[in-house]
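I have placed the structure first, in the form of C-alpha cells, so that the comments after it can refer back to it.
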Amino acid sequence: MDRTLLERNTRLYRWHQTVAGALFWMPTTVLFLTEQLGLRTALAVQAAYYVAVVLVEVPSGWLSDRLGRVTAMRIVAVSWLAAHTLFILAPGPTVLVAAQILLATGYAFLSGTDVTFHYDTLEALDRAEEFEEREAGARQRLLVVTAATALAGGALGLADLRLPFVASILATGVQLAITMLLVEPGGRSGSPEPEPALGGVRPFARYLATPALAWLGCYVVGQVIVVHLIADLSGPYLADALDSPLSDPGDAALTTGAAAAAAAILGSLAVGRVPAVKRRIGTVWTLLVAAVIPTLVLGTMALVTAIWVVPLLALRGTQSAAAAVIAPAMVGAQVRREHRATFLSMMSLGGRLGFGAILLTLGLADASLETAVTVGASVALGLLAVTASMQRVAVDATELGDLPIPHRRHLHFHVHWGAHGHSHGDEGPRWLPHRHDHDHLAGASHDHD
C-alpha cells in the first residue's frame, strides 16, 4: 500500500469525523415526527429506528470485516443522504419509517467501523502507538461540531422543522465525498496476509475467554445500558425540574438542542484529558472512574428533582468520550483484523438488548418517572459494583501483549451510543417521552450516539 495514500487517510479521517458529527437534526426529529404524524403514529415510527439498529448491528460489523472499512463508511453516507431526503419529503408514515431504517442502518455501519479504519491505517503505517492521541483529537473535533450543530439545528427548527434535515444533507454530501477519497488500509506493512476468518462464534468465545476482553465486554455492555438510561430519562426529568411540559415546538427544539450541545462540549473536554489520565492511573482505573460519573448522575436524579441537577445531565457524555479513546489501547493486540468490527458490534448489541429489556420491563409495569429513575440508578450502581469487583481479572493495556492469545493483532473499540429520539405519550409511562443520544465512541453516540 502506498504510504502517501495512507498518510492522506489520516488527514481525511479527521475531516470525515468532523462532518459525521454534524447532527443538525438531532434536537428536532421527535418534534418533526409528532408534527407530521401525531403522537400515537410517531411512536410506531420511532420504534422502527430502534428495532432496525438492533437487527443491523451485528450484520453491519460482519460486512465491515468482509467488504472493508471504506465500503462500510460509504454505505453510512449514502444511507444518511437517503434518510434526510425522505424526512424532507415526509408524505406519510411509510416513507418516514423507511427514513428511520436508513438512519439506523447508517449508525449501525458506522459503529465499530470508523475508528477501526483509523487504527488499521495507523497500523499499516507502523504508527499504531499514536492511535490514542490522534483519536482523542478527532473525537474532540467531532463533539465540538456536534454541540454547534445541535444548537444550530434547534434554531433552524424555530423557522421550519425541515431545515435541520436540509443542513444535514449538505454535511452528509461532504462526508460521502470524503469517503470516495479514502483507500482501504490493509494489514501492517511486512506482515503476512491475515488468515481466513473462522466460522461461527468460536473465535469470539476464545476472545471472551481472555480475562481482559471478558472484563471489557462486561464494562461496555453495562455502560451502554447506563448511558442510554440517562439519555432517555433526562428529557422528562428536565421537564419536571423546570416545571414545563416542553410542549411548544420552538421551546422544545431550543431546549433539547442546548442539552445535547452541553453534553457534547463536556465530552470534548473530557476526551482531551483521557490520554494523560490514563498514563497516570492506568487503563482499567480510568474506565472505572469514567463509569462512576453516569452512576452518580442517575443516583442524584433518583434522590432529588431540582433545577440544579439539570447541568449534571450533560455529564453523560464524559464516559462515552473516555471509552472511545481508552478501550482501543486496552484490547490493542487481541482481536484479529477480520473479526474486529463484528466483535465490537456484538458488544454494542449486548448493551442495547439489555437496555431494551429494562425499558420493556418498566413499560409493562407502567412505571412512573420516579420509579424509572430509581430503577435506573440501582442498575447503574449494581453494574458499577460488578465491574469494579472484576477489575482484578483485567490488565493494563501495556501488559496485554504478554497474554497467551493466538493471532495477536490490534483492535479499536467503538461503542455506538447514537443520537436519536424516542417519544411516548400518555398511553405509556410518563417518563418514556424523550430521545437518547448516540455517542460515537466507539460511537456513539456522536452525541452521537
Where the second residue is outside any loop (DSSP other than H, G, I, E, B) and open to solvent by less than 80 Å² (accessible area, probe 1.4 Å) and the first is over 26 Å from Tyr219 (Cβ atoms) and of a type in the set (Lys, Arg) and lies in the stretch 294-311, which pairs have Cβ atoms under 8 Å and are six or more apart or on separate chains? none
Checking Ser60 against (1) open to solvent by less than 10 Å² (accessible area, probe 1.4 Å); (2) not in a helix (DSSP H, G or I), only one condition comes out false. Which one? (2)
Here the residues within the stretch 224-238 that are within 11 Å of Ala314 (Cα to Cα) and touching a strand residue (DSSP E or B) at 6+ places or on another chain (Cβ under 6 Å) are Ala231
Just one of the numbered conditions (1) more than 20 Å from Gly61 (Cβ to Cβ); (2) open to solvent by 20 Å² or more (accessible area, probe 1.4 Å); (3) assigned to a helix (DSSP H, G or I) is not true of Val183; which one? (3)
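This table checks each residue for (1) open to solvent by less than 40 Å² (accessible area, probe 1.4 Å); (2) modelled with pLDDT of 85 or more; (3) touching an Asp or Glu at 6+ places or on another chain (Cβ under 7 Å).
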residue	(1), (2), (3)
Gln46	yes, no, no
Ala72	yes, yes, no
Ile75	no, yes, no
Val78	no, yes, no
Thr105	yes, yes, no
Asp114	yes, yes, no
All positions within the stretch 129-157 that are crowded, with 21+ Cβ neighbours inside 10 Å and hydrophobic (A, V, I, L, M, F, W, C): Phe131, Ala136, Ala138, Leu142, Leu143, Val145, Ala147, Ala150, Leu156
If the requirement is being touching a helix residue (DSSP H, G or I) at 6+ places or on another chain (Cβ under 9 Å), at pLDDT below 85 and open to solvent by 30 Å² or more (accessible area, probe 1.4 Å), which of these qualifies: Thr342, Thr398, Thr374? Thr398
For the stretch 89-110, enumerate the residues that are in a helix (DSSP H, G or I) and either small (Gly, Ala, Ser) or touching a Cys at 6+ places or on another chain (Cβ under 8 Å) (or both). Ala98, Ala99, Ala104, Gly106, Ala108
Leu142: out of contact with any Pro (no Cβ under 8 Å at 6 or more places or on another chain) and either assigned to a helix (DSSP H, G or I) or at pLDDT below 85 (or both), yes or no? yes
Go through (1) modelled with pLDDT of 90 or more; (2) open to solvent by 50 Å² or more (accessible area, probe 1.4 Å) and name the single condition Gln100 misses. (2)
Collect the residues in the stretch 60-116 that are in contact with a Lys or Arg (Cβ under 7 Å, 6 or more places away or on another chain) and farther than 19 Å from Phe343 by Cβ, keeping them in residue-number order. Ile88
Considering each residue of the stretch 116-128, count those that are open to solvent by 10 Å² or more (accessible area, probe 1.4 Å) and not in a helix (DSSP H, G or I), and give that number. 2
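The values are calculated or read from the model by the stated rules, or taken from the named source; none is laboratory data. What you are looking at is a predicted structure, and each value in this text was computed from that prediction instead of being measured. Because the Cβ atoms are built from the backbone with ideal geometry, glycine has one as well, and the counts that use them run over all protein chains shown. Keep in mind that these areas ignore ligands, DNA and RNA; they rest on the heavy atoms of the full protein, side chains included. Shrake-Rupley method; radii C 1.70, N 1.55, O 1.52, S 1.80 Å.
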